[in-house]
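The structure appears right after this line, and notes come after that.
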Amino acid sequence: METTASSMGMLRHWLYDWGDANVDLFLSINGAVPDAWLWLPESLTWLGSYWGAPAVAAMLLLWIRRQSGDESLRVKRALIRFLLVLGTALSVGAAAKEAFAFPRPWTALGEAVFRVVGTPVSRYTLPSGHATYVAVLAAAMWPLLGWPARLTLLVFAVALGWSRVAFGSPFPGGCVGGFRLGLGVRGDRRSVGAVV
């Protein structure tokens, strides 16, 4: 029992606390956005929501219809990988939130300390579902895009993470955990190729 508590303490330190840097970074980002600019993190959060996955799938289906040969196959594989990896990553993320039970900022700090906009679905913060989604999206789209679009996607991913913290929903550690989960759960190219 003592070993489990010690392991959880180490896990909490490395994934969640960061030697109090997670809280300090959270408070700095959350407090830096003036009320007049809250539309920006709200817009980014809306654009980076996993509820946009059907629109991404529809866009890729349209892209497939406009292509032929190898290009069509490449986009089909990206679509299948996106859907399979997204389902897996969000499921793993939901299980991880319950298993780790790292509280959201308002539970850990109290709502009076910072600004909270909206009400998240989950009580727990690690990993961020939004960050997981945008990382899966970036990994799926990466091979299909040129460098200007890839750079735009990277900037969007970072901006989305910032927007979630500015909103007061997850700690920065939740966003980093979501990015790592979304990039870490990948569909094996050979198995995806066998499906297509």
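The values are calculated or read from the model by the stated rules, or taken from the named source; none is laboratory data. These numbers come from a predicted model, not from an experiment. Cβ atoms come from the backbone with ideal geometry, glycine included; neighbour counts cover every protein chain shown. To get the accessible areas, we keep the full protein, side chains included, count just its heavy atoms, and leave off ligands, DNA and RNA. Shrake-Rupley method; radii C 1.70, N 1.55, O 1.52, S 1.80 Å.
Taking the condition within 15 Å of the chain's Cα centre (by Cα), small (Gly, Ala, Ser) and either assigned to a helix (DSSP H, G or I) or modelled with pLDDT of 85 or more (or both), does GLY9 pass? Answer is no for this residue. Only a single criterion out of (1) under 15 Å from LEU144 (Cα atoms); (2) out of contact with any Gly (no Cβ under 8 Å at 6 or more places or on another chain); (3) of a type outside the set (S, T, N, Q) is not satisfied by ARG81, namely (2).
The residue list GLY118, GLY146 contains one member that is over 15 Å from PHE179 (Cβ atoms), of a type outside the set (Asp, Glu), surrounded by fewer than 17 Cβ atoms within 10 Å (Cβ to Cβ) and at pLDDT below 85, which is GLY118. Against the definition (in a helix (DSSP H, G or I) and open to solvent by 40 Å² or more (accessible area, probe 1.4 Å)), how does LEU73 come out, yes or no? Judged against the criteria, LEU73 is a match. The C-beta contact set for the range 88-100 (first residue closer than 17 Å to VAL134 by Cβ and open to solvent by less than 70 Å² (accessible area, probe 1.4 Å), second residue at pLDDT 95 or above and among the aromatic types (Phe, Trp, Tyr), distance under 9 angstrom, 6+ apart or interchain) comprises ALA89/TYR133; LEU90/TYR133.
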